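Structure first, commentary second.
The values are calculated or read from the model by the stated rules, or taken from the named source; none is laboratory data. Treat the numbers as computed from the prediction; the structure is a model and nothing was measured. Don't worry about glycine lacking a Cβ; one is built from the backbone with ideal geometry, like all the others, and counts go over all protein chains shown. Heads up: the accessible areas ignore ligands, DNA and RNA and are worked out on the full protein's heavy atoms, side chains in. Shrake-Rupley method; radii C 1.70, N 1.55, O 1.52, S 1.80 Å.
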Amino acid sequence: MANFLEIIIFILPAYIANSIPVVLGGGMPLDLEKKFSDGRRIFGNGKTMRGFLSGILGGTVTGGILAIAYPISYFSSIEMQFIASFALALGTMIGDAFGSFIKRRMGIESGRQFFLDTVMFIVLAMIFAYPFVIVNNAYTIENIVIIVLMTIIIHPLTNIFANRIGLKNVPW
Ligand code: CTP
Ligand code: MG
């Protein structure tokens, strides 16, 4: 049986990393305003250095606190859980930027809605954390399906919420 509390504690660093840039992002774009060979921006103004770094830091710190407060069975030690939080946060921010890269190549403007916004970050986060988990505990088919479905539900809801409280201009 899937343990929902463990799943949520496991994936929280990725969700925090994905959310923090909305609040702390801004300033110099990650692509330094440079264009790709197709003449469009590499990532665009929606991906900033401050957002990228604050996401990694926020996710890692959250994961570190959780590792001490709630060690979970997916990891062999508290240290592993902490390292995996960093991997989840890094994977999240790389996945987020990679999603933007694909959007720009397809000619989709910054800030426009696209299904990769919801899934790319969580897929990359899980791939990055893979080396640090006890695989047959954490990455069961059941857990993977729950994490992806949960993200598909929670991601749009947090964006609607962020829009309502004035953090985002758009509800996605
Ligand atoms: N943000 C940031 N740095 C990042 C990621 C996000 O500063 N690495 C901030 C930006 O202010 C961005 C907001 O968070 O506008 C929302 O992020 P997101 O929806 O991921 O970006 P979009 O603006 O929609 O751009 P894109 O189309 O490239 O996804
Ligand atoms: Mg967006």
Carbon/sulfur fraction of accessible area - the chain, other protein chains in place, 1.4 Å, %: 70 percent
If R0 = 41 Å, then MET106 and ILE78, at their Cβ-Cβ distance, give a FRET efficiency to the nearest 0.05 of 0.45
C-alpha center-to-center spacing [the range 131-172, the range 89-124] in angstrom: 14 Å
Accessible area (Å², per residue) of the chain, counting only protein heavy atoms and a probe of 1.4 Å: 54 Å²
With a 10 Å radius around each residue's Cβ, average the other Cβ atoms per peptide and rank 147-153, 18-24, highest first. 18-24, 147-153
CD proxy at 222 nm, helix term only [per DSSP H run n ≥ 4: -39500 (n - 2.57); per residue of the chain; nearest 500]: -22000 deg cm²/dmol
In debye, nearest 20, what is the charge dipole magnitude of the range 37-142 about its Cα centre with +1 on Lys and Arg Cβ and -1 on Asp and Glu Cβ, if you could check? 520 debye
Please say if the range 4-164 is rounded, prolate or oblate, where rounded means a/c under 1.5 for a ≥ b ≥ c the square roots of the C-alpha gyration tensor eigenvalues, and otherwise the choice is prolate for a/b larger than b/c and oblate otherwise? prolate
Just to verify a number: what accessible area does THR158 come out at with the full protein assembly present, 1.4 Å probe, Å² rounded to tens? 60 Å²
Amide proton proximity set for THR48, modelled H, under 5 Å, gap of 5+: GLY26, LEU30
Residue with peak Gaussian network fluctuation, the chain [Cα springs, cutoff 10 Å], from PHE115, PHE98, PHE86: PHE115
